[in-house]
Amino acid sequence: MKLLNMKSLSISLLKYFSLFLALAFTAANLLYSIPGTGNLLLIQISLGIVYVFFSVMEFTSRADTAHLPADRFFYFTLSFLSFKLIKNGAFAIACGVLFFSKSNLVFLAGLLLIVILADVLIFVLRFSRRAYFISLFANYVLFSLEDEKKIFASQVNIIEYRYRIFYLQLKSGKTYSIDVARIEKNLQASFIEKFVLWVVCNKLHFTNEAKEKLADVIAEAI
């Protein structure tokens, strides 16, 4: 396991080092006109390919070593998709502005394009491998979207249920939602049953409104 972790770390370092080199050569061109325009373009293309290659390797390495829970529900929210579109859209706008600028700043557009392409490619890979999911464990809920987030039962104060959305109100004041509609349709009923069972087993509490709407499911779980 340590060897696998070292391999993953090495891949990450090589990925970021290739991007750093591309940035360093671009900065040198802007400040000192070294390397020349033609050479810089070739360097950016080469290092861009290296960056994308190691980005894919980093993802596949982590995916191969990760122990994905067998009982997980593919979960992809519109808010997460909006976040990805806004982030990459902002990068794309900046890339376009730099590309049409009448200066050597155009080469900064190349760096942004590299980052955008890598991010989109990893997003497609994660989506195709169904690596976006929600899973229920004995004492916590695992969200796997851009990053992994664990919500432990001990952190939950009360749970609401409205319009097929569970709202986990934490003792810290934060609220996390689970939109059942974003789970595959044929698995939505199963998820509700398992989530209610998870709540009952961890001795958590629903609001009165939620108890009324989930009365039959709660009765089966008790």
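For the condition of a type in the set (D, E, K, R) and not in a loop (DSSP other than H, G, I, E, B), Glu146 does not qualify. For the structure I just gave you, tell me whether Ala189 is loosely packed, with under 14 Cβ neighbours inside 10 Å and either in the same structural domain as Val156 (by TED's automatic domain parsing) or outside any loop (DSSP other than H, G, I, E, B) (or both). When the stated conditions are applied, Ala189 passes them. So, of the residues in segment 97-110 that are part of a helix (DSSP H, G or I), more than 16 Å from Lys87 (Cα to Cα) and aliphatic (A, V, I, L, M), which turns out to be farthest from the chain's Cα centre (by Cα)? Result: Val106.
Just wondering, is there one or more residues in segment 111-127 that are in a strand (DSSP E or B), farther than 30 Å from Gly36 by Cα and out of contact with any strand residue (DSSP E or B) (no Cβ under 7 Å at 6 or more places or on another chain)?
No, every residue in segment 111-127 fails to be in a strand (DSSP E or B), farther than 30 Å from Gly36 by Cα and out of contact with any strand residue (DSSP E or B) (no Cβ under 7 Å at 6 or more places or on another chain).
Just one of the listed residues (Ile93, Ile116, Ile86) is β-branched (Val, Ile, Thr), under 20 Å from Ser12 (Cα atoms) and either in contact (Cβ under 8 Å) with a residue 12 or more places away in the chain or surrounded by fewer than 17 Cβ atoms within 10 Å (Cβ to Cβ) (or both), namely Ile116. Output yes when any residue across segment 66-84 is part of a helix (DSSP H, G or I) and among the β-branched types (Val, Ile, Thr), and no when none is. Within segment 66-84, not a single residue is part of a helix (DSSP H, G or I) and among the β-branched types (Val, Ile, Thr). When every residue of segment 154-176 is checked against the conditions, at least one turns out to be in a helix (DSSP H, G or I) and either more than 19 Å from the chain's Cα centre (by Cα) or buried (at least 19 other Cβ atoms within 10 Å of the Cβ) (or both).
On the basis of being closer than 14 Å to Phe74 by Cα, touching a residue at least 12 places away in the same chain (Cβ under 8 Å) and hydrophobic (A, V, I, L, M, F, W, C), does Ile222 make the cut? Spell out how you get there, then give the answer.
On the way: closer than 14 Å to Phe74 by Cα: no; touching a residue at least 12 places away in the same chain (Cβ under 8 Å): yes; hydrophobic (A, V, I, L, M, F, W, C): yes.
Judged against the criteria, Ile222 is not a match.
Among the residues of segment 195-209, what is the count of those that are within 22 Å of Tyr75 (Cα to Cα) and either surrounded by fewer than 17 Cβ atoms within 10 Å (Cβ to Cβ) or among the aliphatic types (A, V, I, L, M) (or both)? Here the count works out to 3.
The values are calculated or read from the model by the stated rules, or taken from the named source; none is laboratory data. As the structure is a computational prediction, the values presented were derived from the model and not from experiment. Using ideal geometry, Cβ is built from the backbone for each residue, glycine included, and neighbour counts are taken over all protein chains shown.
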